[in-house]
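One structure below.
The values are calculated or read from the model by the stated rules, or taken from the named source; none is laboratory data. It should be emphasised that the depicted structure is a prediction, and the values quoted were computed from it without experimental measurement. A quick note on method: Cβ atoms are made from the backbone with ideal geometry, for glycine too, and the neighbour counts reach across all protein chains shown.
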Amino acid sequence: MKLTIYFTFLLSSFFGFSQNKFIFKENGLTPKVISSNIVRLTENEIHKKSLEWIKITPKNINLASHLSNNNNTIYLNGLEDNAIRVGKQFYHLKYTVKIRFEQGKYNFEPILIQTKLNSKYDLGWTDFNIKSGSSFFKNGRIIKKTQSYVKDIPAILNKLNNDLNNYLKINSGKE
């Protein structure tokens, strides 16, 4: 029964989020923040349920840590191995997302994204500019070589946000 409810919420959230999801354009990642309503839950309840979700999230997402200050904000650090493929090369993706809680809603805001070539040599992490995408586009079209960045990074963020949203709605007990 719970599985049926989960898939119902998953499908409804897919269609509900179709107008409110991250995409990467020439002017960067848009929107900058996604606000999601969680009906009739307090700020503290949304915060508590979000911490529960972090604890049970599958390990393949590699949620590294979270920092919480006064039940209003969580900074979520994640690592996604081999998240981006460019030709024959794979890049790891590291991100920090700020999740801010208010009465009946939360705001999901990516604040830092870094990439690192999967190589036997440690070439270090490189900051990914989420405020400008002009280097990935030419004449308004995606440059084929950079297509993976433009599609995969927003897809990872959207999946993370959708998973959190679904968990909060299903486990709110008030929906």
Item to complete: For the range 121-139, enumerate the residues that are farther than 17 Å from L29 by Cβ and not in a strand (DSSP E or B).
Response: Y121, D122, L123, G124, W125, N139
Item to complete: Just name the residue that is nearest to the chain's Cα centre (by Cα) out of those in the range 145-175 that are modelled with pLDDT of 90 or more and of a type in the set (D, E, K, R).
Response: K159
Response to the item:
K169: passes all of (1) surrounded by 14 or more Cβ atoms within 10 Å (Cβ to Cβ); (2) touching a Lys or Arg at 6+ places or on another chain (Cβ under 8 Å) but (2)
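If I ask for residues that are in a strand (DSSP E or B) and of a type in the set (K, R), which ones from the range 140-175 would you list?
If the condition is that a residue be in a strand (DSSP E or B) and of a type in the set (K, R), then R141 is the only one that fits.
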Discussion item. Being in contact (Cβ under 8 Å) with a residue 40 or more places away in the chain and not charged (D, E, K, R) is the requirement here; does Y121 meet it?
Written reply: no
Worksheet item: Taking the condition more than 19 Å from the chain's Cα centre (by Cα), more than 20 Å from F24 (Cα to Cα) and among the acidic types (D, E), does D81 pass?
Response: no
Response to the item:
Scanning the range 102-133 for residues that are at pLDDT below 90 and of a type outside the set (D, E, K, R), the one farthest from I38 (Cα to Cα) turns out to be L123
